[in-house]
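Beneath this line is the structure, given in structure tokens, with notes to follow.
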Amino acid sequence: MDELKQATQRQMSFAATVKAVLWSFFGVRKNSAYEEDTAKLNPVHVIIAGIIGAILFVIGLLTVVKLVLAG
């Protein structure tokens, strides 16, 4: 339980977390950058950024489909 408390106290900014999550959606990441992020990222921020990213991705896909079907 102490490890979870320590992980949630990490001080990487939410913007940096969003950047890391977007890179993971893209699928291209250097191993050294990945290891650095895993040491600094707050897991709560990662979950929130992942959910927001997934929602935006689905909205983007739906928008593209509507545009293609309308034209």
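Values in this text are rule-based calculations from the coordinates and carry no lab data. Note that the coordinates shown come from a computational prediction; the quantities given were computed from them, not determined experimentally. Cβ: placed from backbone, ideal geometry, glycine included. Neighbour counts: every protein chain shown.
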- Using the Karplus curve 6.51 cos²θ - 1.76 cosθ + 1.60 with θ = phi - 60°, work out ³J(HN,Hα) for each residue of region 30-35 in order, rounded to whole Hz, and write x for Gly and Pro. 6, 4, 5, 5, 4, 5
- Along the charge dipole of the chain, Cβ charges K/R +1 and D/E -1, which of Ile59, Gly71, Asn31 sits furthest on the positive end? Gly71
- Message: Placing unit charges on C-beta atoms (Lys and Arg positive, Asp and Glu negative, everything else neutral), compute the dipole magnitude of region 2-70 about its Cα centre in debye, rounded to 20.
- Response: 240 debye
- Taking only C-alpha pairs under 8 Å that are 6+ residues apart, what is the relative contact order of the chain in percent? 41 percent
- Mind ordering 47-53, 17-23, 57-63 by average Cβ neighbours within 10 Å, highest first? 17-23, 47-53, 57-63
- Item | Pair-distance profile P(r), taking every C-alpha pair of region 2-70, with 5 angstrom steps and integer % | 3, 16, 21, 20, 15, 10, 7, 5, 3, 1, 0
- Task: Obtain the nm distance between the two label points defined at Ile55 and Phe14 by a simple spin-label model: each point lies 7 Å from its Cα along the Cα-to-C-beta direction.
- Result: 1.2 nm
- Query: Roughly how tilted is helix 43-70, in degrees to the nearest 10 and between 0 and 90, from the longest Cα axis of the chain?
  - Reply: 10 degrees
